[in-house]
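Scroll down for the structure; my scribbles are underneath it.
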There are 4 protein chains.
Amino acid sequence: MIRTAILGASGYVGGELLRLLSTHPVLRPVRLFGDSKAGQNVAAVHPHVAPAYREVRVERFEPAALDGIDLVFAALPHGESQKIAAAILDRGIKLVDLGADFRLSDPAQYARWYGEEHQAPALLGRFVTGIPELHREAIRSAQAVAAAGCYPTAAILACKPLVEAGLVDPANLIVDAASGVSGAGRALREGTSFNTVAGSFAAYGLLDHRHTAEMEQALGPRVLFTPHLAPMARGILATCYGAATRPMQADEPLRALRSAYAAEPFVHVIADPPATKWVAGSNTAQVTARFDERTGRVLAVSAIDNLVKGAAGQMIQCANLMLDLEETAGLSVCGVYP
Amino acid sequence: MIRTAILGASGYVGGELLRLLSTHPVLRPVRLFGDSKAGQNVAAVHPHVAPAYREVRVERFEPAALDGIDLVFAALPHGESQKIAAAILDRGIKLVDLGADFRLSDPAQYARWYGEEHQAPALLGRFVTGIPELHREAIRSAQAVAAAGCYPTAAILACKPLVEAGLVDPANLIVDAASGVSGAGRALREGTSFNTVAGSFAAYGLLDHRHTAEMEQALGPRVLFTPHLAPMARGILATCYGAATRPMQADEPLRALRSAYAAEPFVHVIADPPATKWVAGSNTAQVTARFDERTGRVLAVSAIDNLVKGAAGQMIQCANLMLDLEETAGLSVCGVYP
Amino acid sequence: MIRTAILGASGYVGGELLRLLSTHPVLRPVRLFGDSKAGQNVAAVHPHVAPAYREVRVERFEPAALDGIDLVFAALPHGESQKIAAAILDRGIKLVDLGADFRLSDPAQYARWYGEEHQAPALLGRFVTGIPELHREAIRSAQAVAAAGCYPTAAILACKPLVEAGLVDPANLIVDAASGVSGAGRALREGTSFNTVAGSFAAYGLLDHRHTAEMEQALGPRVLFTPHLAPMARGILATCYGAATRPMQADEPLRALRSAYAAEPFVHVIADPPATKWVAGSNTAQVTARFDERTGRVLAVSAIDNLVKGAAGQMIQCANLMLDLEETAGLSVCGVYP
Amino acid sequence: MIRTAILGASGYVGGELLRLLSTHPVLRPVRLFGDSKAGQNVAAVHPHVAPAYREVRVERFEPAALDGIDLVFAALPHGESQKIAAAILDRGIKLVDLGADFRLSDPAQYARWYGEEHQAPALLGRFVTGIPELHREAIRSAQAVAAAGCYPTAAILACKPLVEAGLVDPANLIVDAASGVSGAGRALREGTSFNTVAGSFAAYGLLDHRHTAEMEQALGPRVLFTPHLAPMARGILATCYGAATRPMQADEPLRALRSAYAAEPFVHVIADPPATKWVAGSNTAQVTARFDERTGRVLAVSAIDNLVKGAAGQMIQCANLMLDLEETAGLSVCGVYP
């Protein structure tokens, strides 16, 4: 048994970590920290995992409570893990952080997109980007991993092989993506109430959404990213438009994806575009791409579950690597459908 | 009272015409044609309008049944109205056709995108495009109008003023749009079953969707159009990306929309992006646009109800013009929300 | 033009009143009161009605602002209209109140079910119950009407004719009903967030829901009412179980409903059970009933839109009667479907 | 490894069996039979499990294909497994059947509710009812199990301990239940299209739904069952009304449930009513009950996932028992939420 703690245990990602860890062969969530629900039983906070964690309580975080913990999963609002990462790492504990705090290697980019100075720039160099398909070996030997988050994971998995293969101009990408409502977190807002969202589809964060920075760091210098809110709880579909660098066969982008992901357990390359529900509850990304001779563009589409491959599942996949476990332990490749 | 007939009365657009006409001051749907449900009572075909049309029956179409009809609304699968338009027009009856048959002025374009020869090319010149905001005067004096349909209406209303104002390069447009499921019509398909769609979001028709042709006819020579299916019954959101022709102020595209639509009863220009549910059940389009200095692009977003402004409402708006009635008769500007 | 004011204009019922009044021939909402959004433009509070009310603002309520108002629509949390009803009525203004404050004729019942003493028991006698199908003549001559609300309207319309015809024992009714989420109002709660509700169905308020009192007042001494929350924004379906008083033909309850509602513009009696979406956006109730020989029970089912027939539409129907207007003015009988 | 075959592999239950078996430690689905999709790859039929079964094909069934199979999961329309059960059992293969064919021990009841003579009445005695909580020991030693199906499982788990404890009169039960749309199967019907169901709630099968028979067999001589269709893909909530046999404390029914299910891995007894999404994707039933002194009734509520505890999960739980495996193997107790 490997002892883990969850920071942000009362949010949706916290709940999803609890669900996935309930069938993990080795990892056990032995401490749950969540300030807003501290003192409450898991059953009150996450009734869907109550049968597996009947008597467990959420606690207020304090560093001393980490004694004996092997690995921390942090799923906190941005700005929070900066404050406590040193305390975790200095104890020799491994850390998988889902927040934006340690994703951008350049603290100036953090300041620009998040509107505040980074509080722990000295730690940035200790974090590895938590996309196993791109950084597997670095993750294996890392003490600290910054998981990429939902929108960036969806966009990067679809586009990165196309950029690397030289098929797409990295200076001119458009990522048009739709997310389920859980991507907005559990805090109450009118914009995520059922009455606002049900039967409705909308764009938001026009031109200046923060995840643009993370996409540009991974893909190239110029990404235009438009997120949308879709009336579903889970899932992200990213539809990505690149300018082709040259004429090519219609299926050349698809072949580049197949080649890049041939050995990946959690990326499934297909010829036709996926639906988000095909991957719901699973750690799988389903991706496709093709070249459009008429307009000279490459179109790539990916589907992930934002709470699994875009959050808790990716975190566990990273933890499995960091702890030298089977990479797929505790993670399903099959979606919950319909 | 003006006597109208509906061709395709048993489909969703037929039902929506019946709903809207139930409060129209003058237009009455006195004959309902729908071959697959011929002989059935409206209450069996459209239970939502049963209280207004208790004893009315759907009939099998025959031209002689048009005697005494002033105007025909046709909402048929493409290919069907080509066969009967002459019979309607030769009787001196006005026609508002929602199908694709008479939208493209060039029959070669029809053949290319719809995969079959046009059967009545001689009639193409008699049809006016049914977007009142662009063709009001021509519609007033027309005997035959080809309504633009849902995706083209959404895209054209968002982009046309930007192209006309010279802000956007018409040779390089991307229209990324999401539609509710009613846009796929009432025929049964696995792709539109509840279990397939609920909680899911997907792209379809990659690179070759037919409505591309209609957008290119209205907007410019090169449109890349990607439709998506969203888990909602109604609504279209079109997110449109254009290459700016020059640097401009961030709100210059918005001002162009405001200027173009200042006097329009059914286009509402706003600074922030709309949600589709704001216009559900109404004939309103809510639109916005802005310039992105970082990437040199103009982003425009529109929301319509595909069954109203994108279908039945637009048809009635055209009919009102053709019949010299109040343009807004029978049409609401307010959405049914939440 | 008749001048009306809306109290509680920023809630969902307020928004629905604005939508319906936008096509009403005579009633105009000239003052909008809503404390939490006072000072905001209607476009910011209700973007779906913005095209009809571009420049109108929500104000903080004060009685002096009622000068010149002919009729007040009040859609306030329970307890609120008790405080201000006298000020309205003393000015000679008509009042249609949707809150629970004046629904129960016995103030002891109010205290029992709402957990607080009634603050204006002397006014109770001045209010008429606002179900036009049951109290039409009293409403016509009333200054003050207490609209019945959503669940009671659905249950009472289904059951009352069966009780009155002596087919069902009034001392032993079960009302099992499901409501859309808008019935819970616009205040933010985890229980009405999209993520909680989407794809989920749940019972709540077991055994002690307040609307039980209003059903018992109308139907009989003993009603067991179980409300459920369904993943939809609008609509109530009430499935009602009564003990038959005697054996009867299977369709005798249906005939009792047909007889009771033969002349009603907004009650549509059908042989098979309705779906809530058939009445969405309309003021129609669709109802059915039948006798079960096997168990000796009568089953009655009704569908309404909780925001229209269960709230704003019923209020306007009452106002039309009180003001001697056409009863159906501004109200549609057709649902927005699909 | 234990070799299993799936009959009805192309339906929703077939897909759910594939999902659950993809993480089962021992059971492998080595043959997939599904006549309508015979010859197709699993990826085409069930894209959500494609990553786990890339090359597997669906075949047309023939008994010879069962050679080497240890256990058959049958998820066929009623009437079908009657035809082939003998061929399976005579080969000494174990069978878990989800259809209705072998649920009713009295063939006359089958004829009455299903409208056709039973074709294999001699086999009825060889089937054990597949509700492990009630029939665990019999299942362990059975060659053939008839899984109870979705609505009966939900109702029986909620009510059986109350009947057995003598708290509720078995001659007078009402089961009012709502199901997600997957309960209607994968065949295309207008009643299960997205446009029909989304945003709508309806009752169906009034008074004569077939599952009444199975509830009466388990619970008592007189059950009135009303199913409803809720706008969600998965889940059943059963709200059950019983006449109390005597006055009791409000929590006496809850204590009876707790006592009955204290050792059950897949039944979670709670004080407040559950939501269906709490159990989505899991094999858990969440149940509650209470006594209502005011009306003398006992109210019991249960939530299950119709495709898991009501179908594929229950089948695997039974198979685990029949094969002397860990009863919980391959099954999760945690729901996929939100």
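The values are calculated or read from the model by the stated rules, or taken from the named source; none is laboratory data. Computed from a prediction, not measured in an experiment: that's the story for all the values here. Don't worry about glycine lacking a Cβ; one is built from the backbone with ideal geometry, like all the others, and counts go over all protein chains shown. Surface areas here come from the heavy atoms of the whole protein model, side chains and all, with no ligands, DNA or RNA. Shrake-Rupley method; radii C 1.70, N 1.55, O 1.52, S 1.80 Å.
Summary of computed values
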quantity: Number of partner chain Cβ atoms within 10 Å, mean per residue of A:276-283; calculated: 6
quantity: Antiparallel DSSP beta bridges within the protein assembly as shown, as percent of all bridges there, nearest 5; calculated: 45 percent
quantity: Overall dimensions of the protein assembly as shown as given by Cα atoms, namely Rg and Dmax in Å; calculated: 31.0, 89
quantity: Mean-position separation - Cα centroids, the stretch D:286-338 and the stretch A:106-161, in angstrom; calculated: 41 Å
quantity: At R0 = 45 Å, FRET efficiency that the Cβ-Cβ distance of residue A:112 and residue A:326 yields, to 0.05; calculated: 0.70
quantity: Cβ neighbours within 10 Å from other chains - mean over A:177-187; calculated: 4
quantity: Largest-first ordering by accessible area, 1.4 Å probe, given options C:36, B:332; calculated: C:36, B:332
quantity: Cα gyration tensor shape of the stretch C:88-211, rounded if a/c is under 1.5, else prolate or oblate by comparing a/b with b/c; calculated: oblate
quantity: Residue among C:240, C:2, C:128 farthest towards the positive dipole end of chain C, charges placed on Cβ; calculated: C:2
quantity: Pair residue B:190, residue A:87: separation of 7 Å Cα→Cβ label points (nm); calculated: 5.3 nm
quantity: Highest-first arrangement of A:144-155, C:223-234, C:188-199, D:185-196, where packing means the average Cβ count within 10 Å; calculated: A:144-155, C:223-234, C:188-199, D:185-196
quantity: 222 nm mean residue ellipticity, helices alone, for chain A (DSSP H n ≥ 4; -39,500 (n - 2.57); rounded to 500); calculated: -7500 deg cm²/dmol
quantity: Quarter of the Cα convex hull surface for chain D, i.e. its orientation-mean projected area (nm²); calculated: 16.5 nm²
quantity: Exposure rank, largest accessible area first [B:214, D:62; 1.4 Å]; calculated: D:62, B:214
quantity: Whole-number D in µm² s⁻¹ for the stretch A:151-306, Kirkwood Cα-pair radius fed into Stokes-Einstein, 37 °C, 0.692 mPa s; calculated: 208 µm²/s
quantity: Fraction of beta bridges assigned by DSSP in chain D that are antiparallel (%, nearest 5); calculated: 45 percent
quantity: Kirkwood hydrodynamic radius of the stretch B:245-311, from inverse mean 1/r over distinct Cα pairs, in Å; calculated: 12.5 Å
quantity: Residue-normalised accessible area of the stretch C:282-338, given per residue in Å² at a 1.4 Å probe; calculated: 18 Å²
quantity: Under 21 Å from the Cα of residue B:160 - lysines, other chains or at least 8 residues apart; calculated: B:309
quantity: R0 of 60 Å, Cβ-Cβ distance residue A:55-residue A:293: FRET efficiency to nearest 0.05; calculated: 0.45
quantity: Radius ratio Rg over Rh of the stretch D:76-135, counting only Cα atoms, Kirkwood formula for Rh; calculated: 0.94
quantity: Magnitude of the charge dipole, the protein assembly as shown, Cβ model with Lys/Arg +1 and Asp/Glu -1, debye to 20; calculated: 0 debye
quantity: Rg(Cα) / (2.2 N^0.38 Å) computed for the stretch A:277-337, rounded to two decimals; calculated: 1.42
quantity: Simple Cβ-charge dipole of the stretch D:151-306, Lys/Arg +1 and Asp/Glu -1, about Cα centre, in debye nearest 20; calculated: 180 debye
quantity: Signed unit charges on C-beta, dipole axis of chain B, positive-most listed residue B:257, B:99, B:307; calculated: B:307
quantity: Gaussian network model of chain C, springs between alpha carbon atoms under 10 Å - residue of C:215, C:248, C:315 with greatest fluctuation; calculated: C:248
quantity: Cα centroid of the stretch B:193-252 to Cα centroid of the stretch A:62-102, whole Å; calculated: 42 Å
quantity: The stretch D:158-187 residues near the modelled residue D:251 label - backbone nitrogen below 19 Å, point 7 Å along Cα→Cβ; calculated: D:162, D:167
quantity: Protein accessible area in the protein assembly as shown, 1.4 Å probe - carbon and sulfur %; calculated: 49 percent
quantity: Accessible area (Å², 1.4 Å probe, nearest 10) - residue A:2; calculated: 30 Å²
quantity: Lys/Arg +1, Asp/Glu -1 at C-beta; chain B dipole; positive extreme among B:139, B:24, B:73; calculated: B:24
quantity: Per-residue mean of C-beta atoms belonging to partner chains within 10 Å, peptide D:11-22; calculated: 2
quantity: Chain pair A, D: total accessible area buried, heavy atoms, 1.4 Å probe, Å²; calculated: 2500 Å²
quantity: Share, in percent, of DSSP beta bridges within the stretch C:151-306 that are antiparallel, nearest 5; calculated: 70 percent
quantity: Computed magnitude of the charge dipole of chain C (debye, nearest 20; Cβ of K, R +1, Cβ of D, E -1); calculated: 480 debye
